[in-house]
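Asker: Right, I'll just put the structure down here and ask away after.
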Amino acid sequence: MQTRFYSVLTVLLVAGLVVEIAQIEVDKSKLRRQIAPLRGNEASLVRLRTESARNRALLAQFKTSGDAGAKAVHADLVAARAELAALETKAAGSRADASATPSIEANRDPTKAMTRPEFLSDAGRATPEAAFQTLIWAAMKGREPEMAACVSLDSAARAKAESLLAGLPADARAKYGTPEQLVGLIFSHGVLESTAVQFVPSLAAVDSDHATLAVRVRTNGREGETKIPMVRSADGWAMAVGERQIDVIRRGLTAEPPTP
């Protein structure tokens, strides 16, 4: 009788272990399914970081190249950021909220949702949004005259920019040209690093000739919102540039440490 009891007990224990082992295998299978897309995303993100480092190296070259070289670097940057944008889209494809907003690849209106900078067009300068869209379009296309037209420096910023240009080597002065061209080319560096933009519907009008445009930008998988001051002249709206922005440009071109 006792032997039979132990036999039954052994069978129950073995059965329990089998159930536990089976459950463990089920859990392992679930974990493998969950880990698989994460590994894919991790690989994509590693490549994103590599591409970002490559872009930064190209930007450094852009600052020191001659005119012909700068145009070649610009074309290389456009191609590199297009590949970066495609990788970013793939990496973000598994997010739960991916279907909650319009597709970046399908959207062409930056006032509605995120869109690629290369999808923007020459929208004129009749409104702050149109002028900033035209500025991005010109930066993507390397259209320096149109970029310069979309930039407006106040008198103090212009004086600082002219002083900065006067202190640069001759080849750099030839490349950057006017204060507006200088600002436009530096602005294009940031545009080429970004992979998506959106004009947030919170335009703040200071008066009839001044407004602030909220812009959301995605760079290297991270999003941030910035405020862009816009000013209107007889020719239309343009991005307003002050002394502070010229100081930032000066530090970037001359490697000066930031002012405490």
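Results for (1) among the basic types (K, R); (2) closer than 13 Å to L182 by Cα, shown as yes or no for each residue.
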position	(1), (2)
I136	no, no
K141	yes, no
A148	no, yes
A156	no, no
L168	no, yes
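Asker: Checking E193 against (1) buried (at least 16 other Cβ atoms within 10 Å of the Cβ); (2) charged (D, E, K, R); (3) modelled with pLDDT of 90 or more, which single condition isn't satisfied?
Answerer: Here E193 meets the rest and fails (3).
Asker: How many residues are over 20 Å from T178 (Cβ atoms) and more than 21 Å from the chain's Cα centre (by Cα) if we restrict to the range 220-256?
Answerer: 4
Asker: Related question: Kindly indicate whether any position in the range 204-218 is modelled with pLDDT under 85, touching a Ser or Thr at 6+ places or on another chain (Cβ under 8 Å) and in a loop (DSSP other than H, G, I, E, B).
Answerer: Looking through the range 204-218, none of the residues is modelled with pLDDT under 85, touching a Ser or Thr at 6+ places or on another chain (Cβ under 8 Å) and in a loop (DSSP other than H, G, I, E, B).
Asker: Which of the residues that make up the range 203-249 are in contact with a Lys or Arg (Cβ under 6 Å, 6 or more places away or on another chain) and closer than 23 Å to A156 by Cβ?
Answerer: Correct list: D209, T212, G236, W237, E243, I246.
Asker: Do you know which of the residues in the range 158-188 that are outside any helix (DSSP H, G or I) and modelled with pLDDT under 90 is farthest from R244 (Cα to Cα)?
Answerer: Per the stated criteria, the residue is P169.
The values are calculated or read from the model by the stated rules, or taken from the named source; none is laboratory data. If you're wondering where the values come from, they're calculated on a predicted model, not measured in any experiment. Here Cβ is always computed from backbone atoms with ideal geometry, including for glycine, and neighbour counts include all displayed protein chains.
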